Amino acid sequence: MPDELVGAALRARENAHAPFSHFKVGAALEDVAGRIHTGCNIENASYGLTLCAERVAVFKAVSEGVRQFRRVAVVADTETLTPPCGACRQILWEFCGDAELVLANLTGKTEVFRLKDLLPRPFDASFL
């Protein structure tokens, strides 16, 4: 895949821990300095404790002091491209704002959105 961000998400997907669903997902974030931060889904026998790839990538980056992002990529092995779940959309909005979102699959199919397209009326600090 030619896009470095999508390639990073594809590689991160290989580290997914998905013994229950067998549904591996990789995510990558590009910060404003051009650095890439990755994550993969990590399942737990107590399903509610499972973390999605997008949240893992955001939390890793934030824990390393990164606060500004410009692009997000999510890769899964599905014909219909897999967007972030509702919880991930909220986390992505909170930390990435209306960033570009690239969805991709293993065959190279991609679609590009803005986060606002997937979360048109986000809850954020402006409501507080």
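The values are calculated or read from the model by the stated rules, or taken from the named source; none is laboratory data. Quantities reported herein were computed from a predicted structural model and do not represent experimental measurements. A quick note on method: Cβ atoms are made from the backbone with ideal geometry, for glycine too, and the neighbour counts reach across all protein chains shown. Each accessible area value is taken on the protein alone, full model and side chains, heavy atoms only, with ligands, DNA and RNA left out. Shrake-Rupley method; radii C 1.70, N 1.55, O 1.52, S 1.80 Å.
Out of 58, 74, 32, report the one residue that is in contact with a strand residue (DSSP E or B) (Cβ under 8 Å, 6 or more places away or on another chain) and either within 15 Å of residue 10 (Cα to Cα) or modelled with pLDDT under 95 (or both). Write out each step before concluding.
Details: 58 fails: either within 15 Å of residue 10 (Cα to Cα) or modelled with pLDDT under 95 (or both); 32 fails: either within 15 Å of residue 10 (Cα to Cα) or modelled with pLDDT under 95 (or both).
Criteria check complete, one pass: 74.
So how many residues does segment 14-36 have that are open to solvent by 20 Å² or more (accessible area, probe 1.4 Å) and under 11 Å from the mean Cα position of the chain (by Cα)?
Quick first cut of segment 14-36, residues open to solvent by 20 Å² or more (accessible area, probe 1.4 Å) only: 14-15, 17, 19-24, 30, 32-36.
If we keep only those that are under 11 Å from the mean Cα position of the chain (by Cα) too, we end up with 30.
The total comes to 1.
Evaluating residue 91 against the criteria (1) within 22 Å of residue 48 (Cβ to Cβ); (2) β-branched (Val, Ile, Thr); (3) exposed (fewer than 14 other Cβ atoms within 10 Å of the Cβ) leaves one unmet condition, (3). Every condition in (1) within 23 Å of residue 117 (Cβ to Cβ); (2) free of Cβ contacts under 8 Å to residues at least 24 places away in the same chain holds for residue 65 except the one numbered (1). When 99, 87 are checked against the criterion of being touching a Phe, Trp or Tyr at 6+ places or on another chain (Cβ under 8 Å) and of a type in the set (Gly, Ala, Ser), a single residue qualifies: 99.
Take residue 64 and tell me if it is in contact with a Phe, Trp or Tyr (Cβ under 8 Å, 6 or more places away or on another chain), open to solvent by 10 Å² or more (accessible area, probe 1.4 Å), modelled with pLDDT of 95 or more and within 17 Å of residue 91 (Cβ to Cβ). Taking the combined requirement at face value, the residue does not satisfy it. With respect to the conditions (1) of a type outside the set (Gly, Ala, Ser); (2) within 15 Å of the chain's Cα centre (by Cα); (3) in a loop (DSSP other than H, G, I, E, B), residue 11 lacks only one, and its number is (3).
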